[in-house]
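Scroll down for the structure; my scribbles are underneath it.
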Amino acid sequence: MNDETLLLRQIHPTFVQGGRVTSQAFRPTPKDESKLSVYDGDMIDAEAAYAHYTTELALGSVGVLAIKHAECLAFDLPVEPDSVPFPEHAFIDFTAFEKKQIEKKAKLLKAKAVTRGWLYMDDSSA
C-alpha cells in the first residue's frame, strides 16, 4: 500500500439519500469497533470488489467509491491491511477519536470520495 492506493468503500443503499451519498458511508458503526472496512485497491479493482461484496459476502451495495491512502493519513487516520475476513480487506482506523471528531472526518472522507466519483456502480441502482 502506498500514498496513491485507492481504498474501495462499498456504499450500502441506505447510505444514499435523495441521490446523494451521506457521510454515514464513511463512518464506522459501533459494531465496527471504530474501524471502517475497505478493500485494498492495489489487490482488487472496484468491479471485482463489488462482485465479491454482493455475491460472495451477500451484502448490499449500490457501488464503490474510494479514497486515497494519503487522504486518510492527511486526516490522521491510519490504514491497516487486515487479511481477515478476506485477503483484500483493510480498515481505516478511527479508534483515536471521539464521536464528534469521527463524524467530521467521515464528512471529509465522503467529500473526497464523491469528488473522485463512482469507480463502479451497479447498473440496476442507477
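Observations, loosely collected:
- Just one residue in the set LYS105, LYS99 is out of contact with any Gly (no Cβ under 9 Å at 6 or more places or on another chain), basic (Lys, Arg) and modelled with pLDDT under 95; that residue is LYS99.
- Selection count, segment 14-35, where residues are out of contact with any Pro (no Cβ under 9 Å at 6 or more places or on another chain) and either among the polar types (S, T, N, Q) or exposed (fewer than 11 other Cβ atoms within 10 Å of the Cβ) (or both): 11
- Only one entry in ALA113, ALA51, ALA70, ALA106 is under 18 Å from ASP3 (Cα atoms), out of contact with any strand residue (DSSP E or B) (no Cβ under 6 Å at 6 or more places or on another chain) and in a helix (DSSP H, G or I), namely ALA70.
- Unique match (being part of a strand (DSSP E or B) and of a type outside the set (Phe, Trp, Tyr)) among LEU65, LEU77: LEU65
- Search result, residues across segment 93-103 that are loosely packed, with under 13 Cβ neighbours inside 10 Å and part of a loop (DSSP other than H, G, I, E, B): THR95, ALA96, GLU98
- Leading residue by the ranking (farthest from PHE94 (Cα to Cα)) among those in segment 1-29 that are under 10 Å from the mean Cα position of the chain (by Cα) and basic (Lys, Arg): ARG9
- Selection status of LYS68, free of Cβ contacts under 8 Å to residues at least 12 places away in the same chain and of a type outside the set (S, T, N, Q): no
- Of all residues in segment 7-64, exactly one satisfies the criterion of being touching a Phe, Trp or Tyr at 6+ places or on another chain (Cβ under 8 Å), closer than 15 Å to ASP82 by Cβ and among the β-branched types (Val, Ile, Thr), namely VAL38.
- Residue within segment 37-46 that is touching a residue at least 60 places away in the same chain (Cβ under 8 Å), crowded, with 17+ Cβ neighbours inside 10 Å, over 20 Å from GLN101 (Cβ atoms) and in contact with a strand residue (DSSP E or B) (Cβ under 6 Å, 6 or more places away or on another chain) present: yes
- Within segment 30-57, the set of residues being modelled with pLDDT under 95 and among the aliphatic types (A, V, I, L, M) comprises LEU57 only.
The values are calculated or read from the model by the stated rules, or taken from the named source; none is laboratory data. Worth saying up front: this structure is predicted, and the values here are computed from it rather than measured. Backbone-built Cβ (ideal geometry, glycine too); neighbour counts: all protein chains shown.
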